[in-house]
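> Quick one: structure below, then a few questions.
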Amino acid sequence: MNRRLSELLPWYVNGTLKSEDREWVDRCLATDSEARAELEWLLGLQSQLAQSVSGVPSDLGLTRTLQRVRADRATLGDRIRGWLGAVASGPVLARARPIAAIAAVGIIGAQTGVIYLLARHSDEDSQQIRASRAVPADEGPLLRVNFAPDTKEVDIRLLLSAIQGSLVGGPGQLGDYYVRVPAGAENAAVSRLKHERFVAAVQIVPGLPTTY
Amino acid sequence: MDDTKAKELLGRIARQDEAAFETIYRAFSRRVFAYALYMLNEPYRAEEVLVDTMHEVWRNAARFRGDSLFSTWLIGIARNKALLVHRARRFDESHDDLDDVAESEADEFAPEGFAELAAKQRREGVQACMRRLSQEHRECLQLVFYQGCSLADVAHLQGVPENTVKTRLYHARQRIKNCLRLLIEREGAHSRASP
């Protein structure tokens, strides 16, 4: 098989060859059995590669991507608010500044009144308010994970991303890392991490220990 | 999905149309995943590259100038993402005897040898041999035979002259062929040895 024919065959197979080259290859194939065998082999390779991900669902990773997209949109909202703020401080609305200043003083006064009224409530009430809002970082359940000694920081980041986890503690003296995953997803995360080669051990624990 | 349709959807994505994004995602996710998988050899990393790549499409849809196929632009983004992951991770130094075979030059095959390979090569064999190619060779085969890229597109994506692509492709073909031949010979030896 001549060199030009050998070079052109892959592009003949993937359909990107120019028409004049394609016609030339067709003529060669009609008379060259070795080239026909090579063509058959390349078509087989193409078919095998196409099948390699045929079982992969088309929505693989879609949920996580959409989460990021929606987070971007929230960020965009912040940018728009910032832009509006910048416009408000511009020359067009400069005349409105005294009015805005009076309104701001009014709001501050109203907030002061609300704070005063809250302060007059009993200590028990204010403790309840605090208890309902505070979410301590060490509340469980958490995953206690030990990574293999050769694990890199980027490996840990990728694993955390894969299970939507965030690091809340560690590494401890024994190399323990404490990871929070979305509520209810602990068992699934453990199952996944157990099969990762960078993970030496993983276990669900009720929360961060006092010392670790 | 043809290129015209993809570009139309991209225009809608640039206007924050989430439904258009989902359509384009479902149409191209396998191609991006397949590319990343061949580059990185690890499914969970390939999935990360897929998510990063498609997120980038959402964020930069308006920047696509339309002077290439959408799929080429997309694979270009995936390539950058995959290279970042590849450079950051530990180099896998495990080798076995197939690695040496894959790196050696192939023997010349008789026509019937090609036919035998075409008949016998199996998905697992191709996967195993692809993994043993160098990243450049693996990428070259993937871009040509899976992504259907033209010579000019492969050269553009890999950032090398077209002649370099031709040379890479030639050696990649020889090496994967050689690797597959060894697998077939082993299978033959096993079947002869079994009662």
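The values are calculated or read from the model by the stated rules, or taken from the named source; none is laboratory data. Since we're looking at a predicted model, the values are computed, not measured. Cβ placement follows ideal geometry from the backbone for every residue including glycine, while neighbour counts extend to all protein chains displayed.
> Name the residues in the stretch B:33-45 that are more than 9 Å from chain A (Cβ to nearest Cβ) and crowded, with 23+ Cβ neighbours inside 10 Å, would you?
B:35, B:36
> Being more than 20 Å from residue B:148 (Cβ to Cβ) and assigned to a helix (DSSP H, G or I) is the filter; apply it to the stretch A:30-54 and report the residue that is farthest from the chain's Cα centre (by Cα). Please lay out each step first, then the result.
Looking only at the stretch A:30-54, we keep the residues that are more than 20 Å from residue B:148 (Cβ to Cβ), and these are A:30-37.
Remaining after also requiring assigned to a helix (DSSP H, G or I): A:30-31, A:33-37.
On the way: A:30: 52, A:31: 54, A:33: 51, A:34: 49, A:35: 47, A:36: 47, A:37: 46 Å.
Across the stretch A:30-54, the extreme among qualifying residues is A:31.
> Something else about it: Checking the structure you have, find out if any residue of the stretch B:4-17 is in a helix (DSSP H, G or I), within 20 Å of the chain's Cα centre (by Cα) and either at pLDDT 90 or above or within 28 Å of residue B:160 (Cβ to Cβ) (or both).
No, the stretch B:4-17 has no match at all.
> A further question on this structure: For the stretch A:26-77: of the residues being buried (at least 16 other Cβ atoms within 10 Å of the Cβ) and more than 7 Å from every other protein chain (Cβ to nearest Cβ), which is nearest to residue B:48 (Cα to Cα)?
Among residues in the stretch A:26-77 that are buried (at least 16 other Cβ atoms within 10 Å of the Cβ) and more than 7 Å from every other protein chain (Cβ to nearest Cβ), the one nearest to residue B:48 (Cα to Cα) is A:66.
> Okay, next question. Being facing chain A (nearest Cβ under 8 Å) and either touching a Cys at 6+ places or on another chain (Cβ under 9 Å) or β-branched (Val, Ile, Thr) (or both) is the filter here; which residues of the stretch B:143-157 pass it?
Of everything in the stretch B:143-157, just one residue is facing chain A (nearest Cβ under 8 Å) and either touching a Cys at 6+ places or on another chain (Cβ under 9 Å) or β-branched (Val, Ile, Thr) (or both), namely B:144.
> So, in the stretch B:1-32, exactly how many residues are under 15 Å from residue A:58 (Cβ atoms), more than 9 Å from chain A (Cβ to nearest Cβ) and hydroxyl-bearing (Ser, Thr, Tyr)?
So the count comes out to 1.
> Here is a further query. Do you know which of the residues in the stretch A:144-164 that are among the charged types (D, E, K, R) and not in a helix (DSSP H, G or I) is farthest from the other protein chains (Cβ to nearest Cβ)?
Among them, the one singled out is A:144.
> Mind checking which residues of the stretch A:173-202 are more than 12 Å from residue A:148 (Cα to Cα) and of a type in the set (Gly, Ala, Ser)?
Listed by number, the residues that qualify are A:183, A:184, A:185, A:188, A:189, A:191.
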